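Inspection log for the structure reproduced underneath, given as structure tokens.
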Amino acid sequence: MATYWFTFRIADIGDHGARYDRLHKAAHAMSEGGKWWVESTSFYVFDSQLNIDDVAAGVKAAIDPDHDLALVGMTDVKSARAVGAVQDSDLFGLIPFAKRA
């Protein structure tokens, strides 16, 4: 079991509410009913049996990767995945172990 976090931005185009709801449901599903923290509006933390690439794929499937973005990471390991419309490459200088999903 690993603990993951992700931060995200849902673009204000199309049905952004539906994408937010899908992302929320995806995080809950990936936590498999275990511990999760979602009090913040755009930052989630949860436990999952999945590996980081599967978590990133679950996030990507819930959003519109052409317009939305997310950064998925692990609390105990230097591992992160940039998902969707990440355009500022400074992210990869600040977090050199981050990879595009």
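The values are calculated or read from the model by the stated rules, or taken from the named source; none is laboratory data. From a predicted model like this one, the values you see are computed outputs, not experimental measurements. Heads up, the Cβs are rebuilt from the backbone with ideal geometry, glycines too, and the neighbour counts pull from every protein chain shown. These accessible areas exclude ligands, DNA and RNA; they are computed on the full protein's heavy atoms, side chains included. Shrake-Rupley method; radii C 1.70, N 1.55, O 1.52, S 1.80 Å.
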> Can you name the residue in region 1-21 that is more than 15 Å from residue 66 (Cβ to Cβ) and either of a type in the set (D, E, K, R) or part of a loop (DSSP other than H, G, I, E, B) (or both) and is also modelled with the lowest pLDDT among such residues?
Replying inline: 1
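Name the single residue, out of those in region 25-49 being assigned to a loop (DSSP other than H, G, I, E, B) and charged (D, E, K, R), that is modelled with the lowest pLDDT.
The qualifying residue modelled with the lowest pLDDT is 32.
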>> Among the residues in region 71-78, are any modelled with pLDDT of 95 or more, surrounded by 15 or more Cβ atoms within 10 Å (Cβ to Cβ) and assigned to a loop (DSSP other than H, G, I, E, B)?
In response: no
> Just checking, how many residues over region 58-70 are open to solvent by less than 10 Å² (accessible area, probe 1.4 Å) and assigned to a helix (DSSP H, G or I)?
Replying inline: 2
>> Among (1) under 13 Å from the mean Cα position of the chain (by Cα); (2) open to solvent by 40 Å² or more (accessible area, probe 1.4 Å); (3) touching a residue at least 40 places away in the same chain (Cβ under 8 Å), there is one condition residue 38 misses while meeting the rest; what is its number?
In response: (3)
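Per-residue answers, yes or no, for (1) open to solvent by less than 20 Å² (accessible area, probe 1.4 Å); (2) free of Cβ contacts under 8 Å to residues at least 24 places away in the same chain; (3) under 13 Å from the mean Cα position of the chain (by Cα); (4) within 19 Å of residue 101 (Cβ to Cβ):
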position	(1), (2), (3), (4)
5	no, no, yes, yes
10	no, no, yes, yes
17	no, yes, no, no
31	yes, yes, yes, yes
56	yes, no, yes, yes
